[in-house]
Amino acid sequence: MSTTVLTNAPEINSPAIEKQTTVGNYFVSNYPPFSFWKAENLGEFNDAVEKSPKVTNPLGIYLHIPFCRKRCHFCYFRVYTDKDSAAIRSYIDAALKELGIYAAKNFIGGRKPKFIYFGGGTPSYLSVDQLRMLTDGMKALLPWDEAEEVTFECEPGTLTDHKLKALREIGVTRLSLGVENFDDHILEINGRAHLSKEIARAYGYAREVGFPQINIDLIAGMVEETDANWRENVRKTIEMSPDSVTIYQMEIPYNTTIYKQMKAEGKLEAPVADWETKRNWVAYAFVELEKVGYTVSSAYTAVKDKKKTQFVYRDRLWAGADLLSLGVASFGHINGVHYQNQHDFDPYVARLQEGALPVHRALTATDDERLIREFVLQLKLGSVSISYFNQKFATDVLTRFAQPLQTLKDWGFLTVQEDIISINRDALLQIDRLLHEFFLAEHKNARYA
Ligand code: SF4
């Protein structure tokens, strides 16, 4: 039986597409926006970690490794390029202390992590000895024997065959290679630390070592990107035949070097392609990947073999899993409470040396906010199940979101059939701006930082 509460209003044009890339965060990674997470809510976070978990909710671990060889001009993450081995050692000790404190809390409830994610920064910046010390320590505190996926982000220039073998032995199942672009000039002027020959070498080693899944990250719209170069990036990617390809559209948040330069020059427009061009580039990449058998599995990702290639971290997180986040500035979600750690290295390490958790701000999401969060994040997959939300939140999303669903339908983006709400490719390519339609009024124009 078909479920339709949306009227067949005549199709009207979608809202004017923003043209130039101006400063600000575009990517929606969480909800409510971070600017609503506050230090005064820390008591709620402390209560949440003392409560038993919902037994059905899986647990994952994220660890932020904030070291990089160079700071890319478009980077908005908390990273350090000046830390020596003693500082890195103190960071590893602090992260293990942090995990040790959490491992004794009630919210663990006997659970073992189902997924583990090393993000950054550059996790592959760590030496083999540092990696072994870190991961042996983590496993001793919360064993990985139930982990369905261990993801590790890498910068190609930091990888050797020795390190890749160690990563596989440690248990990494998905290696994510931050290629971004294959052109040396573009890599260089965007401040990347690696060059194209390091990509080829690292990828070759990684294939030899035999990771179950190798992902390649690309960015559409780096400074000086052109149509011809983008087509060449797609061609080279297809030639390498990775298990999955993730493509982000370049955004210029406030804390990037590019924005600082724009500000110094009094410019409002970033020196990168406009949004329409970036969407066209991603659309082109998806079509080319589909021609050789890939399937588009989210707004950012195409996978070679849909049955084999899983994204456990993404899918669990977007379905409300508990995420125990460790490391400087990292953000997590435990028993319905969002939290983020201290933004800076020294206070983060110092708090843990004192034996205290380094949490800096938190927010207890209401049931409605958790519903919105899961709905918008799952919409990035291209479709959501109505019955999933009925079962989990006892809410009919067709009624709860009647207005924004109608708006997206009027714009020609959305259809409802049986149990499934689907968006088309056009919508998928601009999903992050469309998601704001589902936000509560007070969050619609919030700065996403
Ligand atoms: S490698 Fe990634 S985390 Fe490091 S500076 Fe570049 S964009 Fe930022």
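Could you please give the count of residues in segment 202-225 that are under 27 Å from T257 (Cα atoms), modelled with pLDDT of 95 or more and either among the basic types (K, R) or more than 21 Å from the chain's Cα centre (by Cα) (or both)?
0
Identify, from the list T309, T237, T246, T295, the residue that is at pLDDT below 95 and either surrounded by 17 or more Cβ atoms within 10 Å (Cβ to Cβ) or within 21 Å of the chain's Cα centre (by Cα) (or both). Break it down into steps so the answer makes sense when it comes.
Values: T237 fails: at pLDDT below 95; T246 fails: at pLDDT below 95; T295 fails: at pLDDT below 95.
Just one listed residue meets the conditions, T309.
Quick check on this structure: which one of F74, F118 is within 10 Å of the ligand (Cβ to nearest atom), in contact (Cβ under 8 Å) with a residue 12 or more places away in the chain and within 30 Å of L218 (Cα to Cα)?
On the way: F118 fails: within 10 Å of the ligand (Cβ to nearest atom).
Criteria check complete, one pass: F74.
Quick one: count up the residues across segment 334-369 that are within 23 Å of Q391 (Cα to Cα) and assigned to a strand (DSSP E or B).
Here is the first cut: in segment 334-369, the ones within 23 Å of Q391 (Cα to Cα) are 334-338, 364-369.
In the following step, the residues that additionally are assigned to a strand (DSSP E or B) were identified as 334, 337-338, 364.
Number satisfying all stated conditions: 4.
Taking the options T301, T277, name whichever one is at pLDDT 95 or above and in the same structural domain as D217 (by TED's automatic domain parsing). Full working, then the answer.
Values: T277 fails: at pLDDT 95 or above.
Only one candidate qualifies: T301.
Before we move on, is E188 in a loop (DSSP other than H, G, I, E, B) and within 16 Å of the ligand (Cβ to nearest atom)?
Working: in a loop (DSSP other than H, G, I, E, B): no; within 16 Å of the ligand (Cβ to nearest atom): yes.
In short, no.
Would you mind telling me which numbered condition in (1) away from the ligand (no atom under 13 Å from the Cβ); (2) touching a Leu at 6+ places or on another chain (Cβ under 9 Å) A220 fails?
(2)
Please count how many residues of segment 350-402 are closer than 30 Å to Y91 by Cα, buried (at least 17 other Cβ atoms within 10 Å of the Cβ) and of a type in the set (D, E, K, R).
Of the residues in segment 350-402, 2 are closer than 30 Å to Y91 by Cα, buried (at least 17 other Cβ atoms within 10 Å of the Cβ) and of a type in the set (D, E, K, R).
May I ask you to verify whether E155 is surrounded by 23 or more Cβ atoms within 10 Å (Cβ to Cβ), assigned by TED's automatic domain parsing to the domain that holds F211, acidic (D, E) and closer than 24 Å to L317 by Cβ? Talk me through it step by step, then tell me what you get.
Details: surrounded by 23 or more Cβ atoms within 10 Å (Cβ to Cβ): yes; assigned by TED's automatic domain parsing to the domain that holds F211: yes; acidic (D, E): yes; closer than 24 Å to L317 by Cβ: yes.
Yes.
The values are calculated or read from the model by the stated rules, or taken from the named source; none is laboratory data. Predicted model only: the values in this text are computed from it and were never measured. So basically every Cβ, Gly included, is an ideal-geometry build from the backbone, and we count neighbours across all protein chains shown.
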